[in-house]
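Asks: A single structure is presented below for examination.
The values are calculated or read from the model by the stated rules, or taken from the named source; none is laboratory data. Values in this document were obtained by computation on a predicted structure and should not be read as measured data. Every residue, glycine among them, receives a Cβ derived from its backbone with ideal geometry; neighbour counts consider all protein chains shown.
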């Protein structure tokens, strides 16, 4: 089967990779680009550990064909920090202890980043915050601290450094 | 492990239909949120995969007071969920989408792909059938529109032949004195329904039932209407006793199978309860509606 050249932009950088069309977006990100922050948990669209943002919208990269992202802009957890500084939600996760084993964290950060950017300044309810991470499983069950971190950013407690 | 395939990327709908007609062992991918799972399980291993995700002509939401709602096949679930006009005119569709899988899946998965996949546990079909939706599909030679009621044939099978693509879903304009409700029964909000029920009620000016529609999800090989229960309600002044009777009929008419999630008996019971509750909810909405 013939390989294809895929051009896409990841965390602001242009890449060209030479892939079989069956290659998943998660495989391109981890195996071809070496960006291993994105995790593969269940590989069945269930756990959300592989969440990345495509054109600002969260998707589960274990179940998206990379070749469908031709010309699109992808953001992974490595792309959240700007000029060496952590983003607001990353700092809020640190301050609120929103990590236990850390495996779900990249996916949680990507889902909450998309959610916060879609809010456009509106203040979400706790229910809306919980819904925003419904596609992400934390197997340590540390949801409350994650919800607190998202809420802190939504309430405007963090500023861009 | 996904088997290798040749990748076909048409630039337009016309090209997509031509490519599909030319390749025999070919499957269509749009969001692939269902397809990639079955391909990974090795249940499908097509030689060609036709990618229509970026066929822009099929991505739209249009509404007209007379014509109703038209949703293009490659419109994502999330676009439906976030549509102001759908929230205003067909709130039940937004409520359904909010509980369909996860945000990530809704961001990439499409309405056409969901319906073409024809999983009897899918959420959109029962609601759309309750709303009297039509589906348009077509191939190189022409297209075909039919009520969604008639579209599903069996588990994961539809009336579409090789070469056919889902093109559009059409929902008629909302009627006066109309209500529609949907609920699935599951353990996690973002899961597929163990069973589900949609109900729609239209009332006459005197408050009696003009028409009722009841559609069950994951209660058999296809989403199924319970016409026997619908007929019971027609022309009557609706009350809790009738809703319970309709629920009982739905429970009896359903053809659920047992699996790891629930026994057949349990499914029948829940289908009865959901039918009763959704009818009541739809009825109360219809009473309040203009």
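Asks: Please find, within region B:36-46, the residue that is farthest from the chain's Cα centre (by Cα) out of those that are in contact (Cβ under 8 Å) with a residue 12 or more places away in the chain and facing chain A (nearest Cβ under 9 Å).
Replies: Restricting to residues being in contact (Cβ under 8 Å) with a residue 12 or more places away in the chain and facing chain A (nearest Cβ under 9 Å), the top hit is B:40.
Asks: Then there's this: So which of B:8, B:17 ends up being farther than 16 Å from residue A:68 by Cα and either modelled with pLDDT under 95 or crowded, with 19+ Cβ neighbours inside 10 Å (or both)?
Replies: B:17
Asks: Within region B:47-92, track down each residue that is within 11 Å of chain A (Cβ to nearest Cβ) and farther than 19 Å from residue B:103 by Cα.
Replies: Hits for region B:47-92 are B:47, B:48, B:49, B:51, B:52, B:54.
Asks: Let me ask something else about it. Take residue A:73 and tell me if it is more than 13 Å from chain B (Cβ to nearest Cβ), under 17 Å from residue A:52 (Cα atoms) and touching a strand residue (DSSP E or B) at 6+ places or on another chain (Cβ under 6 Å).
Replies: Taking the combined requirement at face value, the residue satisfies it.
Asks: Still on this structure, please answer the following. For region A:141-159: of the residues being touching a residue at least 40 places away in the same chain (Cβ under 8 Å) and under 19 Å from the mean Cα position of the chain (by Cα), which is farthest from residue A:85 (Cα to Cα)?
Replies: Across region A:141-159, the extreme among qualifying residues is A:142.
Asks: Of everything in region B:22-35 that's under 26 Å from the mean Cα position of the chain (by Cα) and farther than 13 Å from residue B:54 by Cα, which residue is surrounded by the most Cβ atoms within 10 Å (Cβ to Cβ)?
Replies: Here the residue is B:33.
Asks: So, one more: Could you list, in sequence order, all residues of region B:3-25 that are within 13 Å of another protein chain (Cβ to nearest Cβ), touching a residue at least 40 places away in the same chain (Cβ under 8 Å) and more than 21 Å from residue B:57 (Cα to Cα)?
Replies: The answer is B:3, B:5, B:6.
Asks: Sort out which residues of region A:27-42 are under 17 Å from residue A:76 (Cβ atoms) and surrounded by fewer than 23 Cβ atoms within 10 Å (Cβ to Cβ), and write them in order of number.
Replies: Of everything in region A:27-42, those that are under 17 Å from residue A:76 (Cβ atoms) and surrounded by fewer than 23 Cβ atoms within 10 Å (Cβ to Cβ) turn out to be A:27, A:30, A:31, A:32, A:33, A:34, A:35, A:36, A:37, A:39, A:40, A:41.
Asks: Another question, then. Which condition number does residue A:94 fail, the rest of (1) without any contact (Cβ under 8 Å) to a residue 40 or more places away in the chain; (2) surrounded by fewer than 18 Cβ atoms within 10 Å (Cβ to Cβ); (3) assigned to a loop (DSSP other than H, G, I, E, B) being met?
Replies: Result: residue A:94 fails condition (3) only.
Asks: Sticking with this structure for a sec: Considering (1) assigned to a helix (DSSP H, G or I); (2) over 21 Å from the mean Cα position of the chain (by Cα), say which one residue B:268 fails and leave the rest.
Replies: Failing condition for residue B:268: (2).
Asks: While we're looking at this one, here's another question. Mind listing whichever residues of region A:33-49 are touching a helix residue (DSSP H, G or I) at 6+ places or on another chain (Cβ under 9 Å), in contact (Cβ under 8 Å) with a residue 12 or more places away in the chain and either more than 9 Å from every other protein chain (Cβ to nearest Cβ) or farther than 14 Å from residue A:133 by Cα (or both)?
Replies: Across region A:33-49, the qualifying residues are A:35, A:37, A:38, A:39, A:40, A:41, A:42, A:43, A:44, A:47, A:49.
Asks: Same structure again: Can you tell me which condition residue A:154 does not meet? The list is (1) buried (at least 16 other Cβ atoms within 10 Å of the Cβ); (2) within 11 Å of chain B (Cβ to nearest Cβ), and all the others hold.
Replies: Residue A:154 satisfies all of (1) buried (at least 16 other Cβ atoms within 10 Å of the Cβ); (2) within 11 Å of chain B (Cβ to nearest Cβ) except (2).
Asks: Whether any residue in region B:250-265 is part of a helix (DSSP H, G or I), outside the structural domain of residue B:118 (by TED's automatic domain parsing) and in contact with a strand residue (DSSP E or B) (Cβ under 9 Å, 6 or more places away or on another chain) is what I want to check.
Replies: Yes; the residues of region B:250-265 include at least one that is part of a helix (DSSP H, G or I), outside the structural domain of residue B:118 (by TED's automatic domain parsing) and in contact with a strand residue (DSSP E or B) (Cβ under 9 Å, 6 or more places away or on another chain).
Asks: Which of the residues that make up region A:109-127 are in a helix (DSSP H, G or I) and touching a residue at least 12 places away in the same chain (Cβ under 8 Å)?
Replies: Selection gives A:109, A:110, A:111, A:112, A:113, A:114, A:115, A:116, A:117, A:119, A:126.
Asks: Which one of the conditions (1) at the interface with chain B (Cβ under 10 Å from one of its Cβ atoms); (2) on the phi > 0 side of the Ramachandran plot; (3) touching a residue at least 60 places away in the same chain (Cβ under 8 Å) does residue A:11 fail to meet, given that it meets all the rest?
Replies: (1)
Asks: Among the residues of region B:143-197, write down those that are within 14 Å of chain A (Cβ to nearest Cβ), buried (at least 17 other Cβ atoms within 10 Å of the Cβ) and touching a helix residue (DSSP H, G or I) at 6+ places or on another chain (Cβ under 9 Å).
Replies: B:190
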